[in-house]
Amino acid sequence: MQQQLVQLVAAATQEASGVSTRAEMEAFKARVVGPNGSLTQVMKGLATLSKEDRPVVGKLINEAKKAVEELLATLQVKIEESEIAGALGAPLDSTLPSPDAPAGSLHPLSRTREKILSTLRKLGFTVAEGPEVETEWHCFDALNTPADHPARDMQDTLYLPKSFRSADAPRKGEEAILLRTHTSSVQVRTMLSRKPPFRIVAPGRCFRRDAVDATHSANFHQVEGLWIDRNVTLADLRGVLDFFVKETFGPEAEIRLRPSFFPFTEPSFEMDLRSPNLGRLSNRWLEIMGCGLVDPKVLELCGLDPNEWSGLAFGLGLERIAMLVHGIDDIRLFYNNDTRFLRQFA
Ligand code: FA5
């Protein structure tokens, strides 16, 4: 019987090599494992064997059955592939992208960020980055923000446990570590690490303990601009901001610098924008960013001689710009990942 089984598997293997269609495979299957198939007949003979021979032959039958099942599985794959190739008119290429996956598109915040960066690149600004986990010194002290300034209050700043330290944070005593509240910390890092003159633009995430509403989020994005050179003036600031606003909101857009206060700029301004292209907000003055000339104290704290160097700086909220450009009235829509919202910007 062992000999019979070996021959049976050999014959089945030989026969399988000639099978090329689904109908031929079904017929082959019936001839071997169907009710009257060759292997089924051998299995029926098992009952006639002695009690001693049965386990030995049973094992051989199982092995033959397994070999036939493998032949059938291989045939199944071969036939499916040839059927697909027939339908496609070409061999199957499983590395091709699925036709069902629609192309994605940039998130409206990424799109707005790219537009802002490309506008500022035209004016010679290059992109700079800094850590989101920042030291208190980079976020506040170096920006002339004394320890009792409200911006450092535990109420609106997210401090991290003392045990947590960012990889490049200087290990100075007990200095507090926090999630940066603005991208102005990148100004400090750039002044400390680069030799002027330079113009940088720093996009990135910021974190504040602000109550979330239609215009505020605890995690939002800013874009910071810094230009350090000799004899940088308010005329340069106005020129940069006017160009930025016209590129972003159209050539009719106007700007207004309204005196304000930031500890790290002197003089400081809120920049307002007015444009006829803003739907229901058209022709109204809208506050969109803080700006000013870099305070000489900040230059000094960052190792630059204020008698030689001067600078301008500005910082805007990315969400605020994207909301104005697209007429979006709730900041939370940016973070919900609802594809019905996102698809409108594809
Ligand atoms: C600052 O953060 C200054 N560092 C900006 C600056 C840079 C001034 C350089 C001068 C020179 P302010 O706190 O106003 O300023 O924030 C700037 C912008 O960030 C705001 O106009 C607003 O659009 C955005 N912003 C602030 N807090 C939130 C928030 N919780 N959610 C969304 N956007 C916010």
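Could you pull out every one of the lysines with an alpha carbon less than 17 Å from that of LYS65, ignoring same-chain neighbours closer than 8 positions?
LYS29, LYS44
Relative contact order, percent, of region 2-88 when contacts are C-alpha pairs under 8 Å separated by at least 6 residues?
Once normalised by length, the contact order is 39 percent.
Can you list the equivalent-ellipsoid semi-axes of the chain, largest first and in whole Å, using the square root of 5 times each Cα gyration tensor eigenvalue?
74, 27, 18
For the cross-link pairs LYS115/LYS297; LYS122/LYS195; LYS162/LYS195, which exceed 30 Å when the distance is taken from alpha carbon to alpha carbon?
Pairs exceeding the cut-off: LYS115/LYS297; LYS162/LYS195.
What does the charge count near TRP309 come to, summing +1 for each Lys or Arg and -1 for each Asp or Glu among other residues with Cβ under 11 Å from its Cβ?
That works out to -2.
So how do 78-85, 217-224 stack up, highest first, on mean other-Cβ count within 10 Å?
The packing order, highest mean first, is 217-224, 78-85.
Treating the angle as unsigned and between 0 and 90°, give the value, to the nearest 10°, between the Cα long axis of helix 2-16 and the longest Cα principal axis of the chain.
Rounded to the nearest ten degrees, it is 60.
Rank by packing, highest mean first: peptides 226-237, 265-276, with packing defined as the count of other Cβ atoms within 10 Å averaged across residues.
Highest-to-lowest ranking by the protection proxy: 265-276, 226-237.
Relative to the compact globular guide of 2.2 N^0.38 Å, what is the alpha carbon radius of gyration of region 2-88, as a ratio?
1.25
Counting Lys and Arg as +1 and Asp and Glu as -1, what is the net charge of the other residues whose Cβ lies under 12 Å from the Cβ of ALA87?
-3
Roughly how tilted is helix 53-88, in degrees to the nearest 10 and between 0 and 90, from the longest Cα axis of the chain?
Long axis of 53-88 versus the principal axis of the chain: about 50 degrees.
On a C-alpha basis, how far is the centre of region 1-50 from the centre of region 129-144 in Å? Whole number, if you could?
78
How large is the convex hull of the C-alpha atoms of region 28-176 per residue, in Å³?
Hull volume over Cα atoms, normalised by residue count, gives 365 Å³.
No value in this document is a laboratory result; all are computed from the given coordinates. What you see is a predicted model; the values in this text were computed from it and never measured. Quick reminder, even Gly has a Cβ in these numbers, built from the backbone with ideal geometry, and neighbours come from all protein chains shown.
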